[in-house]
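Below is one structure, written out as structure tokens; comments come after it.
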Amino acid sequence: MQSSSSTVFSPDWPAIVAVVLGVTAFSVAQGLTYPLISLTLEARGFSPGLIGVNALAFAGGLAASTLMLGTLTARWRADRLIIASLIGCSLCLATFAASGSFAVWLLARFLLGFFASLIFMLGEAWLNAACPDRLRGRVSGIYGAGMCAGFAAGPLAIPLLGSASGIGFAMTAIYLAIVAFATAMLMFSTKTVPEPSSTGDVFRFFRAAPLLAGMVFVFGFADIAAISAMPVYFVKMGYSEAFAAVSVTVLALPTAIAQPFIGVLLDRFPRERVALTAVTVAAASYLLLPSMTSEIAILSVFALMGTATFSLYTCALTMLGERHSGAMLVAGSAAFALAYAAGSGAGSGLTGAIMEAGGPKAGPLSVGIGLVIFTAFMMKARKR
């Protein structure tokens, strides 16, 4: 295990602001475009199968950027790759607004996934490189808050902009272009930049830090289960579709507000203990949910669930910077992207299948049991 030496230097605030600005902007764009692309394709008469193929193109772009990470960072500086990726995302969104061709949308969705993954992987590595350890938790908390707030705010634009025309895509493309320009301006004042990494480093990271990768996998599993499977659970339990939709907002907003406070805890207490508390609270929230009948109580537990689940990622990001440096920061961020993709895929598919086989209550109970098992794994790892 490498130990970061970044304990006494002053924070590189222009870099930190650039990363938080970039991830917040793209989170808004992603929160808007995920549902907007599906709604637009459905309105144009495309089948659910073709809409699913379009979503798979995004996942393919994520995988491709991870595999090409070493080549890209060897040729270009990470901060310039982030700016290029923001511009690339803006052009992809402009393409959605300008074209009605499914094939063009498929290519644009692939490239959107490619550029998005680079923004997240390189941004998180840069955030840790720019931050001294004494502030790492608080900075990670602010980063997490920006990400959560962006994802929550994006869908709110759909009722305002509508899904019939391409104005939603066009406005978001302009927004990302402005953020790319602001990031480029900030880059002139930055003092740090992530070191180049390689695909081999990514797999070395999995071997060196299985607990951190596991935390991100579990976060992805529980997070997507809450977002995609729990609204279905509520409808199957007899609650209205409006209540199911409100539950997702209640999940996101308190989570965004809480992350800076989680960051303070990470800087004041042992970080593994904070992570262990987060996964324990998340497990308890899932296990308690089926016994709740009051809508207020359900939404309160749901808010706690979202906060605890996302806190696991904030903990992992903070511990990444604490324990690793240099090329392993980029490798770790790439490993996190793969772990999240695997966890989220398992979370949406497996939870839905379990509810089909064992009834609605089996969904939250199965996720809760899985989190309990991971809690036991973390406790065992701490004792070594």
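Observations, loosely collected:
- Considering only Cα atoms, the convex hull volume of the stretch 8-63 works out to 92 Å³ per residue.
- Close amide H partners of HIS324, meaning residues 5 or more places away or on another chain with modelled amide H under 5 Å apart, are SER4.
- Take the chain with all the other protein chains still there, run a 1.4 Å probe, and you get 41 Å² of accessible area per residue.
- In sequence order, the stretch 370-381 has phi-based couplings of x, 5, 5, 4, 5, 4, 5, 4, 5, 5, 5, 5 Hz under the Karplus curve 6.51 cos²θ - 1.76 cosθ + 1.60, θ = phi - 60°, and Gly or Pro positions carry x.
- Taking 1.306 mPa s as the viscosity and 10 °C as the temperature, the Stokes-Einstein diffusion coefficient of the stretch 298-361 based on its alpha-carbon Kirkwood radius rounds to 113 µm²/s.
- Euclidean distance of C-alpha centroids, the stretch 120-141 and the stretch 224-268, integer Å: 25 Å
- Loop chymotrypsin sites (Phe, Trp or Tyr not before Pro), the stretch 7-66, which have at most 15 other Cβ atoms in a 10 Å radius of their Cβ (DSSP): PHE9
- In the distance distribution for the chain, Cα-Cα pairs more than 29 Å apart total 40 percent.
- Heavy-atom accessible surface of the chain: percent carbon and sulfur, 1.4 Å: 71 percent
The values are calculated or read from the model by the stated rules, or taken from the named source; none is laboratory data. This is a predicted model, so every value here is computed, not measured. Positions of Cβ are generated from backbone atoms using ideal geometry, with glycine treated the same way; all protein chains shown enter the neighbour counts. SASA here: full protein model, heavy atoms, side chains in, ligands and nucleic acids out. Shrake-Rupley method; radii C 1.70, N 1.55, O 1.52, S 1.80 Å.
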